[in-house]
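All remarks here apply to the structure that follows.
Since every read-out is calculated from the coordinates, none of them should be taken as a lab result. Predicted model, so just to flag it, every value in this text is computed and none were measured. All Cβ positions, glycine included, derive from the backbone under ideal geometry; neighbour counts span all protein chains shown.
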Protein chains: 2
Amino acid sequence: MPGSTELTVPKSSPATDLIDEALRGRPSAIMMAFGPQKDMLAWSRYLRERDQQVSDCESPFLLFVMINSLEEARFAVQDMAADVLVVQGYEAGCHGSASAPPRDVLLSSVLDHVASWSSKSTPILSAGGIADGRSIASQLALGADGVLVGTRFLLTPEATYSDAQKERLLRAQSTDTVRSLAFDDARGTPDWPKGIDGRGLRSVTVDEYDAAAQGQEGPVPGQPERHARYVQALQEGDTDRQIIWAGTGIGQVTKIQPAAQAVQHLHTTTVQALTRACSYIAVQ
Amino acid sequence: MPGSTELTVPKSSPATDLIDEALRGRPSAIMMAFGPQKDMLAWSRYLRERDQQVSDCESPFLLFVMINSLEEARFAVQDMAADVLVVQGYEAGCHGSASAPPRDVLLSSVLDHVASWSSKSTPILSAGGIADGRSIASQLALGADGVLVGTRFLLTPEATYSDAQKERLLRAQSTDTVRSLAFDDARGTPDWPKGIDGRGLRSVTVDEYDAAAQGQEGPVPGQPERHARYVQALQEGDTDRQIIWAGTGIGQVTKIQPAAQAVQHLHTTTVQALTRACSYIAVQ
């Protein structure tokens, strides 16, 4: 790793306090994403240094880095020495880059280049729109070492979404999701790095933002009013306005079930899909 | 098939003449795409009727229908009785629906529903962004019965693109492609069904169209001038302005090679990718 980059992590802050608290819990993995390269590098070094101090160098956490472009992937592997690379496509629910390529396109590019970035073999997980076993099988066949599944677990009793939100998700099709800045606009959380938006269910909140944004080049007028309506919707449990994050895989989720059963079902259907595909080739 | 739809195919036209000419060549398959449902149904019936007359009912052609939405898939299977369904996602090069979902999302939805549309099992091909063996393997694992590969074959000596166009394609990354109406605007071929645009390499032609379209709701002004510049570019072989169709799989094509070798390479790498994925499950 080049040593000339200035460490920009503040000496003591709510963030460093939270990190210390987290590290004392001895996490198996920590995932970083979305930040400018300089910040990503500085914080990854800080995390590893603090972890050594907290853990006495026993079983350090694995650093997962989630990326949305080929250059971010190179930086994560070459400069941050990521232990695991997570390739997130534009299908993904919740936050991500507005300009992320389709998942398979980005994953294919990363797979073509990763060997030239490091002599170490970095496991690569695929993320975005993966909510059923068939999709997991397809990503393993494409060359991923594993997958990251998010949206599927919103439809579990363990998830903190309300029953009404989960019912919405259950009825949603993939085409009901949309990438937008409307969600953070409504929440009043605009401080994400440049170019980061999020994917969730289309809603009145999104429609009103889109209407206000029409023809605007800069900031979208009326944010305080939209925020106020959103806060009220939260209090009233109004799912027409609440934020419901969801990736494009939502159309393939047909059941609310405990997370353990969901994992078992994903496993079973992944094996089924692979078994079907493997019938096309002679047994080795 | 419902019998009340009026047959809207003209009795005799350049189109019907071309169809007769094609049918006399006894094609194995004919693919239809992009049309309004009424026209698709009428022409599919006409094709089959003429084929019976031309072929004396011996080995009729297979009707492939390419679709860009779940409703189009239902119509193709239920109403048109398609012999083969081609599921084309928005990754695809050349023409397609501007609102096509990502390929895997659409394919998953179709796979979930197809059994409810017909008691007959309709083979399903996946199309869009598939230009290497890994992608073929991923589509077979997802549940496709096969794939449709287009862009890959532009990088063959057999393709009619100029050497300069093929060199452009060879250097292109997936992110260099864009869906746009600019291509048909430049060619002066605006008569595609509503909602159909195309994916090709971003170029001066696209940039100029985008600049002229900014803030416009209706027709984009300046089409005659853009068309004139395009015609001149064709004469001069100017690849900055020529149309070069390409799907998002272009980044995975690294070689101009004869079509037969390309097919062999696709086959070999598909088997490699499946073999790798199959190592994850116990041999059945």
Where N is the number of residues in region B:116-176, Cα Rg divided by 2.2 N^0.38 Å:
1.46
One can check that the equivalent ellipsoid of chain B, built from the alpha-carbon gyration tensor with semi-axes equal to the square roots of five times its eigenvalues, has lengths in Å, largest first, of 31, 28, 19
To the nearest 0.05, the calculated FRET efficiency linking residue A:194 and residue A:21 through their beta-carbon distance, R0 being 22 Å, is 0.15
Separation in nanometres of the label points that stand 7 Å from Cα toward Cβ, at residue A:38 and residue B:272:
4.1 nm
Using R₀ = 22 Å, calculate the FRET efficiency as 1/(1 + (r/R₀)^6) where r is the Cβ-Cβ separation of residue B:120 and residue B:48; round to 0.05.
0.90
A:130, B:136, A:256 arranged by Cβ crowding within 10 Å, fewest neighbours leading:
A:256, B:136, A:130
On a full-extension model of 0.36 nm per residue, what is the gain between residue A:62 and residue A:79, subtracting their alpha-carbon distance, rounded to one decimal in nm?
4.6 nm
Simple label model, 7 Å out from Cα along Cβ direction - residue B:164 to residue A:171, nm:
5.7 nm
Linear extension gain, residue A:29 paired with residue A:187, 0.36 nm per residue minus alpha-carbon span
54.0 nm
Separation between the residue B:232 and residue A:256 pseudo-spin-labels, each 7 Å from Cα along Cα→Cβ, expressed in nm?
6.4 nm
Peptide A:129-135 - average C-beta neighbours from other chains (10 Å radius):
4
The relative contact order of region A:127-284, taking Cα pairs under 8 Å that sit 6 or more residues apart, comes to a percentage of 39 percent
What does the convex hull of the Cα atoms come to per residue for the protein assembly as shown, in Å³?
204 Å³
Note down the Stokes-Einstein diffusion coefficient of region B:175-280 in µm²/s, whole number, using a Kirkwood radius over alpha carbon pairs, 25 °C, and 0.890 mPa s.
151 µm²/s
Inverse mean reciprocal Cα-Cα distance (Kirkwood Rh) of region B:54-176, Å:
15.7 Å
As a percent rounded to 5, the proportion of antiparallel DSSP bridges among beta bridges in chain B is 35 percent
So, in nm and shortest first, the distances from residue A:267 to its counterparts in the other copies, with label points 7 Å along Cα→Cβ, work out as 3.8
Ranked A:161, B:230, criterion: other C-beta atoms within 10 Å, fewest first:
A:161, B:230
Mean separation of Cα contacts under 8 Å (6+ apart) over length of chain B, as relative contact order %:
18 percent
Over 18 Å between C-alpha atoms is what I'm after, so list which of B:38/B:120; A:38/A:120; A:255/B:120; A:166/A:255; A:120/B:255 land there.
B:38/B:120; A:38/A:120; A:255/B:120; A:120/B:255
Could you go through region A:245-262 in sequence order and give the Karplus-derived ³J(HN,Hα) for each residue, using 6.51 cos²θ - 1.76 cosθ + 1.60 with θ = phi - 60°, rounded to whole Hz, and x for Gly and Pro?
5, 6, x, 5, x, 4, x, 9, 9, 10, 8, 8, 8, x, 4, 4, 5, 4
From other protein chains only, count the Cβ atoms within 10 Å of every residue's Cβ in A:245-258, then give the mean.
2
P(r) of region B:233-278 over all Cα-Cα pairs, binned every 10 Å from zero, in whole percent
20, 33, 28, 12, 5, 0
Formal net charge of residues neighbouring residue A:58 (Cβ-Cβ distance under 12 Å; K, R +1; D, E -1):
-1
In peptide A:141-148, how many Cβ atoms from other protein chains are near each Cβ within 10 Å, on average?
5
Cα centroid separation, region B:9-34 to region A:204-245 (Å)
51 Å
Straight-line reach check, residue B:194, cutoff 17 Å on alpha carbons, 8 or more apart in-chain or any other chain, hits among aspartates and glutamates -> B:39, B:71, B:72, B:184, B:185, B:217
